[in-house]
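Structure record follows, encoded as structure tokens.
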Amino acid sequence: MKKLVILKFDGNFESGFQVNLEIANEGQRAYRTTTAKLPENINIPQLLNNWHEIYCSRYSQFRVKSGGSRRVNLESLNQECTRESINLLACFNQWLNASSFQEVINYLQELNSKDEIRIIITTSCHELRQLPWHLWDVLINFTLLEVALSSPNAEQGERALREKIRILIILGDSSNINIEADKKLLHNFCGDDAEIVLLQQPSREELNNYLQDNLGWDILFFSGHSQTQEMQGRIYLNHHESLTMGELRDALQVAIQRRLQIAFFNSCDGLGIAYELEQLHIPQVIVMREPVPDIVAQEFLKYFLQEFTGGKSLYISVKNARLELQQLESEFPCASWLPVIVQNQTETPPTWQSLGIISFCPYQGLSAFKEENAEYFFGRNKATASLVTAVNSKPLVAVIGASGSGKSSLVFAGLIPQLRGDTVNNWLILSFRPGKNPFAALAVALVSALNLPENERRLAELELDVSLQRDRTVLGNFIANLTSQYGDGGDAMYRVSTLSLRILLVADQFEEIYTLCTDGEERRVFLDGLLYAVDNAPFFRFLITLRADFLSRALDDYEPFGRALQQYQLEPVVRMNREELQEAITLPAKQLGFEFEEGLCNTIIDDIEDGDGVCRCWNLP
């Protein structure tokens, strides 16, 4: 589950801040809100200024190359810069640990570290925007979390669709820097999927004309010299011309209206640029907070493009690219502090796939959701939570529902991803469909856990198939061996290379036991083996999905199995309510950066419900 956390700061360091916290599942209304206060702290702006002065002394030009002739001085400045950054960071974290802010910290600590989390810092305080929020102690252990900045006054725009991603690259004044590397990286990573237009040291008139192109742009990329002066951003187009964002306002406004999604300024001191673009309600801006060395700018761009075009979200792409910069910090202190996202908080960040017209459809139609589709599976939160509880508390779980009700989707895209993220138990998950030869199907599933070479695997499957038919205890013994450590006694065929404290065996479409397996005696022997494992195998859970119209047969066909189903109760898959249908319809599109037109979702739900408000379909996605 993706989370959105918004922290709104109102105030200043002289008088303190009033803080509002909102936590929501991505694309939904906030489910948790609170208010808190942070006390005044005049030390932080002073420490920030001290660090800033030392940092700028270290990087005395904009996006400069390192100079070997200044090695001794650089080493001294590196040490001083590192020392000042440590002082600033210590004071920053101590301030955020104030007792009046503790409730916010408690709620943040309750977030699941396995979730992808976007934190947006909303403030108009310039000093607050300059701080290294990604190094806040409370956030350090969240591996899928990234922080962005946002203006308090954000508005959402319309989304245009284009046949192909369009990227406008502006290579500005390149005095003493190497921006050709940026151009090569963009062509290498984006050239196959995007239409790229390159402007090299353009004139002001030329840039204005291209920004207002009738087709519009998805990404605007600038590489060259830039700076911020009193919150006003300036870019240097060529040796003779420079422009503030204010002077480009009209052209930028047109580009944003035509749904420019990302502006990326791989240049120095970009917070002023981002601030001015925010006033135009641009969806996302990526900038460097301070002067940036050539190698740092190039390495960040390389890793960002690698992640983003490879399918990672915008936030995780920035985070992972930032982490790569830590390797450079012995030579370039605080390099990982530089990149920052400035986010319109009303917008959903796009993925590479959602720019232009998507070729991937997140809706599965009549097909079941699989584990790899889990990020697009919505509307079944309550059912998933109930199933997780059942699997953790009962050795036999029967998921019952009508044909097409979403039983398999619930198990594979709902339950199993939750178990994968279990921080208490380590789950080994195996699955099969009985088919007409249930013993053979089961043997294939079990042997897959052994990680055998191909030439050994098939023989092991055949041997296990025969053993399962002859002895009802074989399955239970096999499971017991899987839960023990590798090499700890027993037949080598039954060993695994990893320790798993919990084993889940899923038998999907279990009605095939009755529709495809026509031998009643074979069916009873098969069920006996399963029941023996349920009763005797340690740390074992057996789950079936079964069509509701076969429930009476499952209860009556073989008495021991029927009694087991009654003993452990059933997990019914019921119809989605209106709120769940809304999630299932809108949130997969939201994942790809798209919004439904107002009223369209309700029209779809009205169309699939009968007059009594009962959904005529079962599993909409």
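In table form, for the structure just shown:
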{"read-out": "Euclidean distance of C-alpha centroids, the stretch 255-284 and the stretch 396-413, integer Å", "value": "46 Å"}
{"read-out": "Length-normalised contact order of the chain in % [C-alpha pairs under 8 Å, at least 6 apart]", "value": "11 percent"}
{"read-out": "Contour excess over end-to-end distance, with Cα ends at GLU205 and GLU163 and 0.36 nm allotted per residue", "value": "12.4 nm"}
{"read-out": "Cross-link reach list, lysines versus LYS436, counting only Cα pairs under 27 Å and skipping chain neighbours closer than eight places", "value": "LYS370, LYS407"}
{"read-out": "Pairwise FRET efficiency - GLU155 versus CYS361, Cβ, R0 = 22 Å, nearest 0.05", "value": "0.15"}
{"read-out": "In degrees, nearest ten, helix 578-591 long axis to first principal axis of the chain (Cα)", "value": "50 degrees"}
{"read-out": "Of every Cα-Cα pair in the chain, the percent that sits beyond 32 Å", "value": "58 percent"}
{"read-out": "Listed peptides 434-440, 99-105 by packing density, highest first (mean Cβ within 10 Å)", "value": "434-440, 99-105"}
{"read-out": "Solvent accessible area, Å² - SER393, 1.4 Å probe, full protein context", "value": "80 Å²"}
{"read-out": "Given charges at Cβ of Lys, Arg, Asp, Glu: the chain dipole, positive-most of VAL474, ASN50, ASN25", "value": "VAL474"}
{"read-out": "Per-residue SASA entry for SER408, accessible area with 1.4 Å probe, Å² rounded to 10", "value": "20 Å²"}
{"read-out": "Within the stretch 371-394: backbone nitrogen closer than 17 Å to the GLU609 label point (7 Å, Cα to C-beta)", "value": "379-380"}
{"read-out": "Which of ARG502, ARG258 is most accessible, then next, and so on - probe 1.4 Å", "value": "ARG258, ARG502"}
{"read-out": "Antiparallel bridges, percent of DSSP beta bridges restricted to the chain (to nearest 5)", "value": "35 percent"}
{"read-out": "Sequence of LEU323, LEU468 from largest to smallest accessible area, 1.4 Å probe", "value": "LEU323, LEU468"}
{"read-out": "Accessible surface of the stretch 336-436 [probe 1.4 Å, protein heavy atoms]: carbon and sulfur percent", "value": "53 percent"}
{"read-out": "Dipole of the chain, positive end: most advanced residue of ASN214, GLN102, PHE308 [Cβ charges, Cα centre]", "value": "GLN102"}
{"read-out": "Heavy-atom SASA rank of LYS183, LYS382, LYS8, LYS37 (probe 1.4 Å, accessible area, largest first)", "value": "LYS382, LYS37, LYS8, LYS183"}
{"read-out": "Net dipole in debye of the chain [+1 Lys, Arg Cβ; -1 Asp, Glu Cβ; about Cα centre; nearest 20]", "value": "700 debye"}
{"read-out": "Residue-level accessible surface for THR35, protein heavy atoms, 1.4 Å, Å²", "value": "80 Å²"}
{"read-out": "Longest to shortest principal axis, alpha-carbon extents of the stretch 134-247, angstrom", "value": "46, 39, 32"}
{"read-out": "Partners for LYS302 among lysines (Cα-Cα distance below 19 Å; same-chain residues under 8 apart left out)", "value": "LYS65, LYS183, LYS184, LYS312, LYS319"}
{"read-out": "Spatially proximal lysines relative to LYS37 (Cα-Cα < 26 Å; intrachain offsets below 8 disregarded)", "value": "LYS3, LYS8"}
{"read-out": "GLN79/GLN46 FRET efficiency (R0 25 Å; Cβ-Cβ; nearest 0.05)", "value": "0.80"}
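The values are calculated or read from the model by the stated rules, or taken from the named source; none is laboratory data. Predicted model, so just to flag it, every value in this text is computed and none were measured. Virtual Cβ from ideal backbone geometry, glycine too; neighbours counted across all protein chains shown. For the accessible areas, the whole protein counts, side chains as well, though only heavy atoms, and no ligand, DNA or RNA atoms are used. Shrake-Rupley method; radii C 1.70, N 1.55, O 1.52, S 1.80 Å.
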